[in-house]
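The values are calculated or read from the model by the stated rules, or taken from the named source; none is laboratory data. Just so you know, these numbers come straight off a predicted model, no measurement behind them. We place every Cβ from the backbone using ideal geometry, glycine too, and count neighbours over all the protein chains shown. Calculation scope for accessible area: heavy atoms of the full protein, side chains included, ligands and nucleic acids excluded. Shrake-Rupley method; radii C 1.70, N 1.55, O 1.52, S 1.80 Å.
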Amino acid sequence: MRLALPRWTGPLAVRAAVFITVMCCALAALLGVLVHVQVTDQTVGRVRDAALRRLTEATEAYEAGESLRPGAGVDPPGLPGELRELAVAGERGSMVAEYEGRPTMWAAGPVDGRRALAVRVDYSQGKRTIDGLDRAIVWSSATAIGATLLVGAFAVTRVTRRLHTTARVARRISAGDLDARVDDPRARDRSRPQDEVAAVAAALDSMAASLQGKLLAEQRFTADVAHELRTPLTGLHAAAELLPPGRPTELVRDRVAALRTLTEDLLEISRLDTGRERLELDTERLGELARRVVRASGSDTEVRVVRDASVTTDRRRLERVLGNLVANAHRHGRAPVTLTVDGPVVTVRDHGDGYPEYLLAHGPQRFRTEGGTKGHGLGLTIARGQAEVLGARLDFANAPEGGAVARLTLPHPEPVTRGDAE
C-alpha cells in the first residue's frame, strides 16, 4: 500500500528536501572529518611523543648497561615488521598496532648488531576516546540533519502550499471563475515583508480583476448593441414586408432575416455570459429528440440510434445545441452528415475538411472563421455555452479519414436501450 502524500507536496518540495538533506549530510561529513582528523592527530601525537620519550630513555639505559623497564626490549615479540625494518635501517619511528588484542603505540630505534630497540605504550584510552568521539559525531550529525530537514521542510512546504493555492486559483480563473482570488495575507498587508510568492499572488489577483472588468465590459457592450439593434430591426423587418414582390425585395428580406438572426445570437451569447441561465428540466428520449431536430432543420441528415437513452435535461437548450451542430456541419462541411445517438453520447459528423486548428486547440471563438468561410463563429460558441449550462461536455475533433466530429456527452443518463438507424 503506497503512502498518499498531500496534494501540495510536489517536485519542488521533494527537490528542496533532497537538496537540504544532501547539503546537511555533506556539511556534517565535512565537519565530522575535520574534527576526527584534528582530535586523532592530537591524541596520536601525545601518545607518540610519550612513546618516543620512553624510547630515548630506554636507549640511554641500554647504552649505559642498565636494565630496561617493562614494555621495552631488543627485538621484542609483537614488534611490527615494518617498524623493525625501519629501525634496523638506522631510523627511528613509531606506529600503532595490535599487541595481545589491545591497541598499542610502538616506537623503535637502531642498536648495535642490526637489532631494534623498541618500547610499547598502551593506546587503549586514546582509541576509546577517538571511538567515542566518532559516535558522538555520528549521533550529533544525525540529530542536526533531522532537525534541519524538519525545519527546512516546514519552510518549503509553507511556500509550496501557497504556490499550490495560487495555481489552483489560476486554474479556476482559466475555467471561467473570474471571481476567484488568491487573497494572500502577505499581499494584503504591506507592512509585512513581501516575498516572491506574494508578488505572484498579487499579480494574479490584479490580472483576474482586470480580465474580469474587460470581459464584463465586453459582455455589456454585446448585450447593449444587441438590444439597441432589435428595435430598428423590427421596424426594418416590417418595412421589408411592405415592399412589392421581386428580386430586390427578396434580397432585402434575406439580409434583414440574417441580421435578426445575428442579433438574436448575440443576445443569447450575452445571456450565457452572465452565467445566470435557469434550466427547465424534463425527461427526454434522445433518439426521438434527435429526429425532431433533424426534421426541424430541413436538412438531409442521417440519424443513427445505436443505443437510445432517457435523460433529464432542458429540451429547448439541447435542441439548440444539436441544431447548431447540424447546421454547422452542413454549412461548413460536406455530405453525408450523420447524427448518432449512442446512449448519453450524441455525435454529429460530416465529411468535409474538418475543424480548423485554432478551434481544436482553443475551442470555438465568436467572430472568428478561417478559409474564407461565411459566418460569424457564433453557432458553435452558442452550442458550447448551452452545453455547459446543461452540464454536458462538447468536444470537437477531426476524423482520421477526414471530416469534422462534434461529440456531446450528457450527464447522468438513465438506463439505455438498443435502438435502430434511419
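For segment 61-218, a crude dipole built from +1 on the beta carbon of Lys and Arg and -1 on the beta carbon of Asp and Glu, taken about the Cα centre, is about 840 debye to the nearest 20.
What is the gain in length, in nm to one decimal, between ALA203 and LEU31 on full extension, counting 0.36 nm per residue of separation less the C-alpha to C-alpha distance?
That pair, ALA203 and LEU31, stretches by 57.5 nm at full extension.
Please find the FRET efficiency linking ALA61 to ASP122, where r is the Cβ-Cβ separation and R0 is fixed at 22 Å, and quote it to the nearest 0.05.
Numbers: r = 20 Å, r/R0 = 0.92.
About 0.65, to the nearest 0.05.
Label positions at LEU215 and MET95, each projected 7 Å from the Cα along the C-beta direction, are separated by 8.2 nm.
If the chain between ARG260 and ALA335 were fully stretched, how many nm would it gain, using 0.36 nm times the residue separation less the Cα-Cα distance?
24.2 nm
For GLN42 and VAL159, a Förster radius of 51 Å and the Cβ-Cβ distance give a FRET efficiency of 0.70, rounded to the nearest 0.05.
To the nearest 10, the accessible area of ASP254 is 80 Å² with a 1.4 Å probe.
Less than 5 angstrom separates the built amide H of TYR123 from those of THR104, MET105, all sequence-distant by 5 or more or on a different chain.
Only Lys, Arg, Asp and Glu carry charge here, each on its Cβ (+1 for the first two, -1 for the last two); on that basis segment 292-365 has a dipole of about 300 debye about its Cα centre.
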